Amino acid sequence: MSDTNTTHTIDTATGLEAPAELSTERVKAVFSQIARKYELFNAVSSFGAYRRWLNGMMRQAPITSNHDVLDIAGGTGDVSRWVARFHHPRHIQCTDLVPEMLEVARLHQANGDFGDVPIDFDVVDAQNIPYEDASYDVITMAYGIRNMPDRPRALSEMHRVLKPGGALVCLEFSTPPNPIWRTLYRFYLKHLIPFWGGLITGDKSGFVYLAKSIQAFPDQRGLAQLMEEAGFHDITWENYTGGIAAVHVARK
Ligand SMILES: C[S@@+](CC[C@H](N)C(=O)[O-])C[C@H]1O[C@@H](n2cnc3c(N)ncnc32)[C@H](O)[C@@H]1O
């Protein structure tokens, strides 16, 4: 694990060097405020594409019924629900930095949305995971790493808590390789995402951040390189919707 004092943290909205607190406080403010409307926003703003991406993530995730799964940045529990339904693992540990997001996940649990798969919830900063070395078979993370100001440290932490041979499965916004599609997508990000977000949640500032953070995030190859630097190997990825999103799978 790296030392916070010697690593360079960034502003996740720009990718430029900045104190970690700047991004951490912003992400807490954004997600605590939109927690109750987060799932509706997802469905509307992606025209339902997020379901196809999650489906792809599940197909790529090497999870079996005797696995212990750690969901990082699990939010309202969407990925954990898909993991429970698709793979029926032994146990899911659903974690997130923001308690308000996990409260919604607990409501899903009360509704029986995780079926009979045992699940626990914990407030966890992925850059400082409070679990033992080599304790999980698979880590899932959707739209998490982009929001973290110390990505090398977060990935090293995930590497540390995975068992040897375990896998990190990461769904994230990415960069469309086709320049025309990329230009159209950037227009949508800059102008329409804040519009939809403002309409649904009543506050568009979080969605201006979302659009900026996506544009400042490394492309498919750049994320794979960060994973490799954290100790992962056999890193592969699949693009979805022309590269708007990508699912990376990396092995310990
Ligand atoms: C866009 S949401 C994704 C939630 C969920 N994975 C999903 O697919 O619906 C991003 C989540 O990352 C969480 N997050 C941001 N920074 C984090 C950190 N350092 N550690 C853990 N979670 C973090 C936020 O609180 C938020 O719930």
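Across the stretch 64-78, the residues whose backbone nitrogen lies under 20 Å from the label position 7 Å along the beta-carbon direction of ASN55 are 78.
The 3J(HN,Hα) values that the Karplus relation (6.51, -1.76, 1.60; θ = phi - 60°) gives for the stretch 53-65 are, in residue order, 5, 5, 4, x, 4, 5, 5, 7, 6, x, 9, 10, 6 Hz. Gly and Pro appear as x.
The relative contact order of the stretch 20-251 comes to 20 percent, based on Cα pairs under 8 Å that sit 6 or more residues apart. Only helical runs count toward this figure. For the chain, summing -39,500 (n - 2.57) over DSSP H runs of n ≥ 4 and dividing by all residues gives -13000 deg cm²/dmol at 222 nm.
Residues of the stretch 77-119 with an amide N closer than 18 Å to a point placed 7 Å from the Cα of GLU238 along the Cα-to-Cβ direction: 79-80, 82-88. Bridgeable lysines around LYS37 (alpha carbons under 20 Å apart, same-chain partners fewer than 8 residues away excluded): LYS28, LYS204.
For the stretch 20-251, the percent of C-alpha pairs falling in each 10 Å distance bin, counted from 0 to the bin holding the largest distance, reads 8, 34, 40, 17, 1.
The lysines whose alpha-carbon is closer than 23 Å to the alpha-carbon of LYS252, local same-chain residues fewer than 8 away aside, are LYS163.
Note on the chain: with charges restricted to the Cβ of Lys and Arg (+1) and Asp and Glu (-1), its dipole about the Cα centre is near 980 debye.
Which one, LEU168, THR201, MET158, is farthest towards the positive end of the dipole of the stretch 20-251 when Lys and Arg carry +1 and Asp and Glu -1 on their Cβ? With unit charges placed on the Cβ atoms, the residue in question is THR201.
The stretch 78-174: D in µm²/s via Stokes-Einstein (Kirkwood Rh, Cα pairs, 37 °C, 0.692 mPa s)? Walk me through the intermediate numbers first.
Working: Rh = 14.0 Å.
Diffusion coefficient, whole number: 235 µm²/s.
The stretch between TRP181 and ASP116, if pulled fully straight at 0.36 nm per residue, gains 19.2 nm over its current Cα-Cα span.
In terms of the mean number of neighbouring beta-carbon atoms within 10 Å, the peptides 138-150, 29-41 order highest first as 138-150, 29-41. In this structure the amide hydrogen of ILE129, modeled in the peptide plane, comes within under 5 Å of no amide hydrogen from residues 5 or more places off or on another chain.
Computed from the coordinates by the stated procedures, all read-outs in this text should not be read as laboratory data. Being a predicted model, the structure only gives us computed values, none of them experimental. All Cβ positions, glycine included, derive from the backbone under ideal geometry; neighbour counts span all protein chains shown.
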